[in-house]
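These notes concern the structure reproduced below.
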Amino acid sequence: MIDRALFLDRDGVVNVEVGYLHRAEEVRFVDGIFSLCRTAVRLGYRLIVVTNQAGIARGYYSEADFHALMEFMRGKLRAQGVELDAVYYCPFHPEHGVGKYKREHEDRKPGTGMLLRGSRDFGVELSESVMVGDRCSDVMAANAAGLRQAFLISGTESSECHGKYLAVESLDEVERWLLARH
């Protein structure tokens, strides 16, 4: 069996976008995320979150704050029968970063670093893997890494993204796509 992954952006895909999320009380999960993840696992996908965290770069919260929030979120996901295989994040920003965080990095989407790391760490075949994002940078990273399919949840980007992707209104559409192809 081929190892493949469902790569998920975090803010806007796993949780509702609130702008530099770093407090547990602000976490609201996107409708359909639990069902999508359970279905993906049943179909043989690993679950890997890949998230740019410019809030760390900008000094709004620390890496420790990020890890604490992710532990909280993983607990809530686990309570719904969802276990993430990995969470990769990029705390750097080339323009708005402060101190050691002000730099370009291959992990920062549209860079492919986090997707490639998921492939290496889990033996995931990228050409059989899928990305769900809400920004053009997610689509660009998925395309550059050679993923089978990129999905763009509508509502975040104000204009059309370049690249190959399917625009969706909800995570239910992604789940139906997965089910139709397996």
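Check residue 89: other-chain or 5+ apart residues with amide H under 5 Å from its amide H, H built from backbone geometry?
51
With +1 on each Lys and Arg Cβ and -1 on each Asp and Glu Cβ, and nothing else charged, work out how big the dipole of the chain is about its Cα centre, in Debye to the nearest 20. Provide the component values of the computation, followed by the final result.
Details: 23 positive and 27 negative charges, 74 e Å.
Taking the Cα centre of the chain as origin, the dipole is about 360 debye.
Mind jotting down the three principal axis lengths of segment 1-72 based on Cα atoms? Whole angstrom, largest first.
43, 23, 17
Would you calculate the separation in nanometres between label points at residue 179 and residue 38, each defined as 7 Å from the Cα along the Cα-to-beta-carbon direction?
Distance between the two pseudo-spin positions: 1.2 nm.
Need the C-alpha centroid separation for segment 15-48 versus segment 106-182, integer Å.
Here the two parts' Cα centres lie 15 Å apart.
I need the P(r) histogram for the chain: all alpha carbon pairs, bin width 5 Å from 0 out to the longest distance, whole percents.
1, 8, 18, 22, 23, 17, 8, 2, 1, 0
Among DSSP beta bridges whose residues both lie in the chain, state the antiparallel percentage, nearest 5. Walk me through the numbers on the way to the answer.
Working: 1 of 22 bridges.
Within the chain, antiparallel bridges account for around 5 percent of the total.
Bear in mind that the values in this text are calculations on the coordinates, not laboratory data. All of these numbers come straight from a predicted model, not from anything done at the bench. Note that each Cβ is placed from the backbone with ideal geometry, even for glycine, and that neighbours are counted across all protein chains shown.
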